[in-house]
1. How do 114-123, 92-101 rank on mean C-beta neighbours within 10 Å, highest first?
2. In nm, give the distance between the simple-model label positions of residue 107 and residue 75, each being 7 Å from the Cα along the Cα-to-Cβ direction.
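Taken together, the values in this text are just the output of simple stated rules run on the coordinates, not laboratory data. All of these numbers come straight from a predicted model, not from anything done at the bench. Cβ coordinates were reconstructed from backbone atoms using ideal geometry, including for glycine residues, and neighbour counts include every protein chain displayed.
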């Protein structure tokens, strides 16, 4: 019988995240080394680039998407979800789409007497403290996957995610 490898889970892929970053840095040649030929036009350095370039605007959006959230952002996240009219009763599906384990979500449900507001709060706290790459973009994607497209759109507009 032939073994077929499976894809890594989100948590498992975090194990290799740093290794992958180091590998990418090693394999990419430096821009100046690759462009030693004077006949090839050279790109501007960061200091020479104009402040209103499209590249810089896109980079700032990328930076916003990559800003890692922490437990200190919990109140802000809850406020954004409330303002976006997220239905707190969908907290367990949201937790699953954020990468939390079903058993952990059932423990939260039992511990907080099925109070959806408190369960959502604890679910998000687990996500923020659980070693996940918690970003506004990932939250918006998960909210959209549970059918809360209005709330997902609101998160993206409020946090300027495209």
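1. Working: 114-123: 17.9, 92-101: 19.7.
Per-residue Cβ counts within 10 Å, averaged per peptide and sorted highest first, yield 92-101, 114-123.
2. About 2.7 nm, to one decimal.
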